[in-house]
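> Got a structure here, written out as structure tokens. Questions coming.
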Amino acid sequence: MTDIDPLDLTALRAYAHAALERAEKAAPGLWDYDPDDEEIFATYLDEHLGISRHWIADCMPPYNGPFIAAARLDVPNLAASVLTLAAKLEQAWAENAAHVLDVARLAEALDPLREIVAYGSVNNDPRLWTEVRD
């Protein structure tokens with residue numbers, strides 16, 4: 001993954017969709033790692049409802065095998081989670097924007113009250129005095 005701003009939902013969605021597309025093109029089924037043969041296989045039910053194994057790749061060094069086999073499910077699940085969380089974050093931002101607007105309106109409505117508290121009345125505000133007093 002290149003440097004993507006974690007709050008750039010458009011970029012995150014594009015990255016997640018690309019990961020899902022790659023996962024769709026990969027061999028289906030669960031992938032298993034056979035440490036004896038250092039190979040990754042896709043395990044699936046064949047047309048006779050028997051378990052079949054389809055060779056995916058040789059895996060050298062052997063510590064990569066479990067990672068690659070798990071990635072078959074991890075990548076699409078994580079990508080789907082990114083899309084779900086992006087949608088929830090966007091919704092929260094939209095809801096928060098309405099609250100921010102309400103707070104701004106409230107602050108504007110309270111301006112005269114702030115002046116009364118600070119100066120005794122709106123008209124007693126020294127910032128409004130135009131004459132110099134003795």
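The values are calculated or read from the model by the stated rules, or taken from the named source; none is laboratory data. As the structure is a computational prediction, the values presented were derived from the model and not from experiment. As a convention, Cβ positions derive from the backbone with ideal geometry for all residues, glycine included, and neighbour counts pool all protein chains shown.
> Kindly state which strands (runs of 3 or more DSSP E) lie completely within segment 1-71 and contain at least 2 residues that are free of Cβ contacts under 8 Å to residues at least 24 places away in the same chain and on the phi > 0 side of the Ramachandran plot.
Those strands (runs of 3 or more DSSP E) do not exist here; none qualify.
> OK, next. Quick check on segment 16-53: of everything there that is surrounded by 17 or more Cβ atoms within 10 Å (Cβ to Cβ) and among the aromatic types (Phe, Trp, Tyr), which residue is nearest to Leu73 (Cα to Cα)?
Trp31
> Hey, among Glu115, Glu95, which residue is modelled with pLDDT under 75 and on the phi < 0 side of the Ramachandran plot?
Glu115
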